[in-house]
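Quick notes on the structure that follows.
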């Protein structure tokens, strides 16, 4: 039986002005699974998410993106925006653009949830904040983004995306601003929604150790290309590419366990 994929990317190329950032990227993400795209800064991994969502500063030059069998790469921008939140959730690396900085969180959450047909329940929002390890979670709906640290805003952004219950969750370095203990708590929450809701997750990270904790499959990216992909155990224990081996060597714990 053919495995059903939530997300399919075929020979995707994309550029920022004259710089070609993606060079024939092909990926399959099975429904209900977690894929981590791993690479160093500048490898193009965040650009994959931008190409899927229709980032205004990026030009897709070729290839296709299919969501649950429906091609979305050529979809008009307004139609693609409707997908975001309804079927696709996005957690950006920098949460500053996710919220109005001078408005309190509560009304912003309420408006976003209402626009996607989800009833706003303050108790559910507070519970989501608590799961993210946010102290005084019951006070956050009455606070403004500028009153919180970057790491706290990141956790609020994660909570917001999860409350919308998307079928596909795209995460761009979602734990990079967090300390190790909070990072583990957030990863546990990702694993929970994957298991309980069947949410398909694509996570971009430079951290191969984090990828091993959460991923079913790992894709290694280098200079705009996917150079190697496989199950998490295959990539960690039997890497083929010299670049992948170097990434593993840069993570002492992985080197000892490999």
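Assorted remarks:
- The range 209-245, residues that are over 30 Å from residue 19 (Cβ atoms) and in contact with a strand residue (DSSP E or B) (Cβ under 7 Å, 6 or more places away or on another chain): 214, 216, 231, 232
- The range 63-85 - residue that is over 19 Å from the mean Cα position of the chain (by Cα) and in a strand (DSSP E or B) and, of those, nearest to residue 199 (Cα to Cα): 70
- Sole exception among (1) surrounded by 18 or more Cβ atoms within 10 Å (Cβ to Cβ); (2) farther than 16 Å from residue 36 by Cβ; (3) at pLDDT 95 or above for residue 225, by number: (1)
One line per residue, one yes/no per condition, for (1) surrounded by 22 or more Cβ atoms within 10 Å (Cβ to Cβ); (2) assigned by TED's automatic domain parsing to the domain that holds residue 28; (3) on the phi < 0 side of the Ramachandran plot:
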site	(1), (2), (3)
126	no, no, yes
133	no, no, no
137	no, no, yes
143	no, no, yes
146	no, no, yes
174	yes, yes, yes
177	no, yes, yes
194	no, yes, yes
197	no, yes, yes
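- Some residue of the range 36-52 being more than 30 Å from residue 241 (Cα to Cα), under 20 Å from the mean Cα position of the chain (by Cα) and surrounded by fewer than 17 Cβ atoms within 10 Å (Cβ to Cβ): no
- Flag for residue 40 being in the same structural domain as residue 224 (by TED's automatic domain parsing) and part of a loop (DSSP other than H, G, I, E, B): yes
- The set of residues in the range 86-111 being assigned to a helix (DSSP H, G or I), under 19 Å from residue 189 (Cβ atoms) and at pLDDT 85 or above consists of 105, 109.
- Check on residue 66, surrounded by 19 or more Cβ atoms within 10 Å (Cβ to Cβ) and either closer than 17 Å to residue 201 by Cα or in contact with a helix residue (DSSP H, G or I) (Cβ under 9 Å, 6 or more places away or on another chain) (or both): no
- Verdict on residue 60 being crowded, with 19+ Cβ neighbours inside 10 Å, part of a strand (DSSP E or B) and modelled with pLDDT under 95: yes
The values are calculated or read from the model by the stated rules, or taken from the named source; none is laboratory data. What you are looking at is a predicted structure, and each value in this text was computed from that prediction instead of being measured. Ideal geometry is used to build each Cβ from the backbone, glycine not excepted, and the neighbour counts take in all protein chains shown.
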